[in-house]
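Enquirer: Please see the structure below; I have some questions.
The values are calculated or read from the model by the stated rules, or taken from the named source; none is laboratory data. Model, not experiment: these values are computed from the prediction. Quick reminder, even Gly has a Cβ in these numbers, built from the backbone with ideal geometry, and neighbours come from all protein chains shown.
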Amino acid sequence: MTLAVVAFAIHFVALRYFWSTWTDYWQYSIVTIYGFFFVCSVIIVLWLIRMKQRNIDSVGNTFMLFTCVKAAAAYVMLHPILQAHHPHVKFEKANFFAVFAIFLAIETIVSIRMLQKR
């Protein structure tokens, strides 16, 4: 999760100093977006650890299930952004998907490492 903290710091500083006026119309602050994905990732990783202890063969399926649930929850969160019509909505969408991709990559790496340590 160190990678997530570093990504957040870089993202937050970049938005604050280079695009601060662009974020005025955003549906969710960058802190809220990172917080949402951080909580989702913690839940997924903790559940994967639990599944690994019970049945290592179920880790992959559990990862896929929780990733789909997270993607559905992310879409629900993204829907107001998709309906927005402010001038920088494309930038907001790109930032949302960038955060989604960062946390998906982290979860995938953690899952791969769990499966390799059979």
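Enquirer: Looking at Phe36, is it among the hydrophobic types (A, V, I, L, M, F, W, C), under 20 Å from Ile10 (Cα atoms) and modelled with pLDDT of 95 or more?
Expert: yes
Enquirer: Can you run down the residue pairs with Cβ atoms below 9 Å, 6 or more apart or on separate chains, where the first is in segment 21-40 and more than 13 Å from His88 (Cα to Cα) and touching a residue at least 12 places away in the same chain (Cβ under 8 Å) and the partner is among the acidic types (Asp, Glu) and part of a helix (DSSP H, G or I)?
Expert: Here the result reads Tyr28/Glu92; Cys40/Glu107, each pair linking segment 21-40 to a residue that is among the acidic types (Asp, Glu) and part of a helix (DSSP H, G or I).
Enquirer: Which is crowded, with 18+ Cβ neighbours inside 10 Å, part of a helix (DSSP H, G or I) and either of a type outside the set (Phe, Trp, Tyr) or in contact with a Pro (Cβ under 6 Å, 6 or more places away or on another chain) (or both), of Met114, Met77?
Expert: Met114
Enquirer: Scan segment 80-111 residue by residue and report those that are surrounded by 11 or more Cβ atoms within 10 Å (Cβ to Cβ), in contact (Cβ under 8 Å) with a residue 60 or more places away in the chain and not in a helix (DSSP H, G or I).
Expert: Of everything in segment 80-111, those that are surrounded by 11 or more Cβ atoms within 10 Å (Cβ to Cβ), in contact (Cβ under 8 Å) with a residue 60 or more places away in the chain and not in a helix (DSSP H, G or I) turn out to be His86, His88.
Enquirer: Further question on the same structure: Using beta carbons and a limit of 8 Å, which pairs, at least six apart or on different chains, have the first residue in segment 44-65 and within 20 Å of Phe103 (Cα to Cα) and touching a residue at least 12 places away in the same chain (Cβ under 8 Å) and the second one among the aromatic types (Phe, Trp, Tyr) and surrounded by 12 or more Cβ atoms within 10 Å (Cβ to Cβ)?
Expert: From residues that are within 20 Å of Phe103 (Cα to Cα) and touching a residue at least 12 places away in the same chain (Cβ under 8 Å), the pairs are Ile44/Phe63; Ile44/Phe66; Trp47/Phe66; Leu48/Phe63; Leu48/Phe66; Thr62/Trp47.
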